[in-house]
Every structure is written in structure tokens, then in C-alpha cells.
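First comes the structure, then the notes that go with it.
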Amino acid sequence: MATAEKGVALLDVWVSPFGQRCRIALAEKAVEYEYSEQNLADKSPLLLKVNPIHKKIPVLIHDGKPVCESMIIVQYIDEVWATKAPAILPADPYDRALHRFWAYYVDDKLFPSVSAISRAQTEEAKAEAMEQVFAGLKLLEEAFQKCSKGKGFFGGDTIGYVDIALGCILAWLKATENMTGIKFFDEAKTPLLAQWVERFCANDAVRGVVPETDKMVEFAKMLQAKFKAAASAK
Amino acid sequence: MAGDQELKLLGLWGSPFVMRARIALNLKGVGYEFLEEVLGTKSELLLKSNPVYKKIPVLIHNGKPICESMIIVQYIDEVWATAGPSILPSDPYDRAIARFWAVYIDDKLFPSLRKIVLANADDEETAEAADQVIAGLQLLEEAFEKFSKGKDFFGGESVGCIDIALGCYVGWIKAAEKMAGVKLLDKEKLPLLMGWAERFCSADAVKEFDARGRQAGRARQGASSQAECCCHQMKVFSFKKAVLVA
């Protein structure tokens with residue numbers, strides 16, 4: 001059915017925060033779709049056909065046509081189902097530019113520093129990676145103030161573009177908090193973000209698609225073991 | 001409505017990213033004040049307008065800053081939607097594809113191009129980077145065939161999003177070829193892109209940069225394009241983290 005000429009399909013992997021972005025956007029717009037779990041260790045002919053350049057998930061297939069790159073997919077969903085509330089990107093061009101900027105920042109700076117924590121082989125490397133994450137979250141605290149305009153989400157009253165861009169990593173961060181005891185969203189340091197996290201995770205569209213912390217912890221431990229093995233094999 | 005408002009662009013004339021914003025403004029026929037940064041320094045206005053990255057270009061519209069070249073291009077397209085041609089296509093699927101290629105060009109093509117410009121000519125890295133650039137351009141040759149639908153540009157009849165994203169690197173590609181002695185835009189392997197590159201550089205919204213570059217080039221070291229000047233300057237200053245990159 002994922003190859004069907006009509007309908008919506010999502011090629012994805014359950015742990016992927018990038019895939020979660022698409023799932024949240026589809027849930028926000030109440031779009032029905034077929035979810036197709038992929039095996040990245042043994043990529044399907046379909047995945048290789050629809051994303052020949054990067055061979056990565058997520059890929060949204062709409063009426064047989066593939067769309068790649070998570071935030072491009074989110075914008076696509078917002079534009080195709082523009083008549084369905086809520087709007088994911090704001091209407092005002094300046095606000096749109098602001099949201100696009102912060103989503104870009106999340107991918108360009110924040111997520112790489114989060115990954116660096118898992119990959120760190122020494123305590124110093126870990127501490128440095130965490131410093132970078134905290135610095136990034138401080139910037140996002142200010143961004144929240146600007147974007148939310150006093151409301152509950154970056155998108156205002158409803159989940160928007162930056163909420164999706166950033167929120168997809170929360171399951172992973174919760175697992176890391178669980179394993180390390182580090183609190184990423186500290187009420188004392190980033191109060192607005194700390195409250196936003198609760199609000200985001202309690203949202204209906206989000207709850208249905210985000211993996212449980214236990215499963216994430218299991219996955220994170222497996223990944224850490226992999227990194228350790230790779231590092232000692234060098 | 002969007003007319004007589006205060007519009008400033010912080011930039012450097014050699015920067016391909018700044019060129020993107022300028023081409024977009026030209027396409028829309030919008031006047032602006034160009035504030036040139038000095039290579040090697042960052043003005044107070046730049047630091048204040050882009051505190052996160054401290055990089056150009058920055059568009060300042062009625063005092064409000066917009067950063068990141070392709071975000072600026074989309075902003076210009078949206079604010080001046082009724083002026084000039086549309087930069088992004090109107091169909092959501094075509095828009096997604098245009099955005100995909102813009103990301104690909106910056107994520108994959110530019111880093112390899114930059115390696116050639118900044119690496120030593122004898123370096124093995126240069127040969128590898130050149131291969132990556134050629135492979136990327138090959139994909140774009142196929143993309144051009146698909147999206148131009150027989151017309152002059154990726155955007156069809158007029159310069160569009162992918163044209164702007166890729167076109168700003170044409171000068172750099174030519175400069176890289178000269179500096180590293182590597183053929184990147186090969187007429188035989190990439191005939192469509194060769195034709196497109198000529199048309200892009202001669203397009204109304206673009207040609208002023210080429211001409212200015214040639215003038216500036218003659219005044220400086222006899223280089224034949226602003227991109228060559230820019231690449232030469234970068235080497236002279238040994239700029240690994242160029243102020244130019246945004």
C-alpha cells in the first residue's frame with residue numbers, strides 16, 4: 001500500500017526524532033496515513049527508490065510522489081492541508097522567517113551537540129557537549145519568549161513549526177536524563193522551556209506518536225554500547 | 001503596502017550567500033541600502049542583528065533582522081508576493097522539491113567546493129572534493145532536465161529558488177577550476193548546466209554582479225570575476241571560517 005498511487009504513506013523508524021516531526025504534523029492536521037517501519041540495516045527497495053540521494057527516513061509519499069527531509073515534509077503537510085487547522089507556520093512573513101531560523105538552529109547546532117553527548121567517550125568530552133546543549137537551550141528560552149508572544153507554544157496557542165522541530169527530541173532527552181541524572185530543562189535556568197516541555201508532552205497529537213521513555217532508554221543503552229565498541233575497535 | 005519601507009542588507013560583495021538575497025531583491029524590483037561589512041571584522045550592527053551566528057547576509061526590514069540566505073529569499077518572496085516573478089513555485093510538491101535541492105546544494109555541494117578553494121592544489125583532498133562536486137552537479141543536471149521543462153531556468157521561464165541557490169556558486173565554481181586546475185563544469189558531461197549557467201549570469205537580476213566583479217577584478221589583481229577576487233582574498237587572509245559563509 002505504500003506504493004499506492006493514492007493516499008499518504010510515511011517511511012520511518014520508531015526511534016527517529018525526524019520521523020516523529022512528520023508524525024506530529026500529520027496528527028496535528030488529522031491526516032490519515034499508512035505508517036511503514038523501515039529497517040535501516042537492510043534498506044528496502046522502496047526506500048532506495050523514493051530517496052535515492054540520501055537513502056534516509058523519513059520519506060512522505062503522497063499520491064505516489066515522495067517528499068524527503070523532515071522539516072520540508074512538515075512544511076509540505078502544512079501547505080497541502082492548509083485549510084485544516086491549526087496552521088503549523090504562522091501567517092506573517094516575519095514570524096515565518098523567525099520560525100524557520102530557529103528550526104534551522106535546532107538542526108544545525110542543538111541536535112549535533114545532543115548527539116555528541118551519546119558519542120562522548122570521556123567525561124571531559126561529555127561535559128563539553130552538555131555545556132553546548134545548555135547554551136543552546138538558553139538561546140531557545142529567549143526564542144520562546146519572542147515566538148510564543150505570551151502563549152503556551154512557540155506557535156502561540158497551538159503547536160507550531162519550532163515546537164515540532166525541537167519537541168521531537170524530548171523523548172530522547174528524557175531517556176538521557178533517566179540514564180545520566182542530568183536535568184536538561186531546569187525550572188531555574190530555562191523556566192519557560194521547562195513549562196513548555198510539560199505542555200508539549202501532554203498534547204494529544206504528540207502523545208499518540210512519541211515513544212515511551214522505557215523503550216527509548218533500552219534503545220539508548222544499545223546505541224551507547226555500539227559507540228563504545230566502535231571507539232575501542234579504532 | 002510593502003513599498004516605501006526601510007530595507008537594509010548587511011553583506012560582502014564577494015559572498016555567494018549575500019548574492020542570493022540581492023538577486024531576490026532585484027527580481028522583485030525592491031530598492032534597499034547595501035551596507036558593506038569589512039572582511040575580517042564584524043560591525044556592531046551585524047553583531048546586534050545576528051547575535052546567534054554573527055554572519056552575513058542579514059536583511060533588516062523596518063528594523064527587524066532576518067538571517068540565513070535561503071530564509072531571506074523566502075521572506076522576500078512572501079513579502080513582495082505580488083511584485084515580479086514568484087521565486088518559489090506555487091504548487092506545494094514543487095515547493096518541497098525546490099527546498100530539497102536548496103538544502104542539498106548547501107549541505108553537500110558547497111562544503112566540497114569550499115574544500116577545493118581553501119585546500120592546497122596538490123592535496124588529495126582536492127581531487128576527492130572535485131569528484132564530489134562533479135557527482136553533485138551531475139544530479140543537478142538531471143534535476144534541471146526535469147524541472148525546467150525545456151525552459152531557461154530551474155524555475156521555468158524566470159529565475160527561481162534553485163537557480164538562486166545554485167547560481168550564486170557559479171563564480172566560485174569557475175574560480176575553483178582555475179585555482180585548483182580541475183574541470184568541474186564540463187560542457188560534454190553537463191551540457192544543460194553549462195547552458196543554464198550562461199543564461200543565469202546574463203539574467204537581468206544577476207548580471208550587475210558579474211560586471212561589477214569584472215571591474216573590481218581588473219582593479220585588483222587582473223582576476224576576471226568577483227568570485228575569483230573573493231576566493232583569492234580568502235586564501236590571502238587564510239580564512240578557514242569565512243565571514244562570508246551564512
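Matching residues to (1) among the charged types (D, E, K, R); (2) at pLDDT 95 or above; (3) assigned by the TED database to the domain that holds B:GLY160; (4) out of contact with any Lys or Arg (no Cβ under 6 Å at 6 or more places or on another chain):
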| residue | (1), (2), (3), (4) |
| --- | --- |
| B:SER43 | no, yes, no, yes |
| B:LEU46 | no, yes, no, yes |
| B:PRO57 | no, yes, no, yes |
| B:HIS61 | no, yes, no, yes |
| B:SER69 | no, yes, no, no |
| B:ILE72 | no, yes, no, yes |
| B:ALA98 | no, yes, yes, yes |
| B:TRP101 | no, yes, yes, yes |
>> When the residues of the stretch B:20-41 are narrowed to those that are hydrophobic (A, V, I, L, M, F, W, C) and modelled with pLDDT under 95, which ends up surrounded by the fewest Cβ atoms within 10 Å (Cβ to Cβ)?
In response: B:VAL38
> In the stretch B:2-20, what residues are assigned to a helix (DSSP H, G or I) and touching a strand residue (DSSP E or B) at 6+ places or on another chain (Cβ under 6 Å)?
Replying inline: B:VAL18
> Which helices (runs of 4 or more DSSP H) sit wholly inside the stretch B:159-213 and have at least 3 residues that are outside the structural domain of B:PRO57 (by the TED database), under 11 Å from the mean Cα position of the chain (by Cα) and within 23 Å of B:TYR104 (Cβ to Cβ)?
Replying inline: B:161-167, B:170-180
> Of all the residues that make up the stretch B:141-158, how many are aliphatic (A, V, I, L, M) and part of a loop (DSSP other than H, G, I, E, B)?
Replying inline: 0
>> Can you find a residue that is basic (Lys, Arg), at pLDDT 95 or above and not in a helix (DSSP H, G or I) anywhere in the stretch A:175-193?
In response: no
>> Step by step: first the residues of the stretch B:47-69, then only those that are surrounded by fewer than 23 Cβ atoms within 10 Å (Cβ to Cβ) and in a helix (DSSP H, G or I), then the one that is nearest to the other protein chains (Cβ to nearest Cβ). Which residue is that?
In response: B:SER49
> Just wondering, is there one or more residues in the stretch A:109-120 that are within 9 Å of another protein chain (Cβ to nearest Cβ) and part of a helix (DSSP H, G or I)?
Replying inline: yes
>> Against the condition more than 14 Å from chain B (Cβ to nearest Cβ), touching a Ser or Thr at 6+ places or on another chain (Cβ under 7 Å) and farther than 16 Å from A:CYS168 by Cα, how does A:ALA129 come out, does it pass?
In response: yes
> Out of all the residues in the stretch B:79-97, which are over 13 Å from A:TYR94 (Cα atoms), among the hydrophobic types (A, V, I, L, M, F, W, C) and outside any loop (DSSP other than H, G, I, E, B)?
Replying inline: B:ALA96, B:ILE97
> For the stretch B:9-17, does any single residue satisfy the condition of being closer than 30 Å to A:ILE53 by Cα, within 14 Å of chain A (Cβ to nearest Cβ) and touching a helix residue (DSSP H, G or I) at 6+ places or on another chain (Cβ under 8 Å)?
Replying inline: yes
> Taking the stretch B:120-147 as the search range and keeping residues that are small (Gly, Ala, Ser) and in contact (Cβ under 8 Å) with a residue 12 or more places away in the chain, which one is farthest from B:GLY160 (Cα to Cα)?
Replying inline: B:ALA121
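Results for (1) in contact with a helix residue (DSSP H, G or I) (Cβ under 7 Å, 6 or more places away or on another chain); (2) of a type in the set (Ser, Thr, Tyr), shown as yes or no for each residue.
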residue: A:LEU89; (1), (2): yes, no
residue: A:ALA97; (1), (2): yes, no
residue: A:ASP108; (1), (2): no, no
residue: A:SER115; (1), (2): no, yes
> For the stretch A:84-108, which residues satisfy the criterion of being more than 10 Å from every other protein chain (Cβ to nearest Cβ) and in contact with a strand residue (DSSP E or B) (Cβ under 8 Å, 6 or more places away or on another chain)?
Replying inline: A:PRO90
> When the residues of the stretch B:174-217 are filtered to those that are among the small types (Gly, Ala, Ser) and more than 20 Å from B:SER15 (Cα to Cα), which remaining residue is modelled with the lowest pLDDT?
Replying inline: B:GLY181
>> Let me confirm something: among A:THR213, A:THR190, A:THR158, which residue is more than 30 Å from A:TYR94 (Cα to Cα), surrounded by 13 or more Cβ atoms within 10 Å (Cβ to Cβ) and assigned by the TED database to the domain that holds A:LYS126?
In response: A:THR213
>> Looking at the structure I just gave you, is B:ILE76 assigned to a helix (DSSP H, G or I), within 30 Å of B:VAL30 (Cβ to Cβ) and not assigned by the TED database to the domain that holds B:LEU192?
In response: yes
> Restricting the first residue to the stretch B:89-108 and requiring it to be under 23 Å from A:TRP81 (Cα atoms) and within 8 Å of chain A (Cβ to nearest Cβ), which pairs with a second residue that is part of a loop (DSSP other than H, G, I, E, B) and of a type in the set (A, V, I, L, M, F, W, C) meet a Cβ separation below 9 Å and a spacing of at least six or different chains?
Replying inline: B:PRO92/A:ALA82; B:ARG95/B:LEU88; B:ARG99/B:LEU88; B:PHE100/A:ILE53
> Applying the selection to the stretch B:112-141, what residues are modelled with pLDDT under 90 and either surrounded by fewer than 17 Cβ atoms within 10 Å (Cβ to Cβ) or of a type in the set (Asp, Glu) (or both)?
Replying inline: B:ASN120, B:ALA121, B:ASP122, B:ASP123, B:GLU124, B:GLU125, B:ALA127, B:GLU128
>> Considering only residues that are within 14 Å of another protein chain (Cβ to nearest Cβ) and under 15 Å from the mean Cα position of the chain (by Cα), which ones fall in the stretch B:111-136?
In response: B:PRO111
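The values are calculated or read from the model by the stated rules, or taken from the named source; none is laboratory data. Please read all numbers here as calculations on a predicted model, not as lab measurements. Neighbour counts are summed over all protein chains in view; Cβ atoms, including those assigned to glycine, are modelled from backbone coordinates with ideal geometry.
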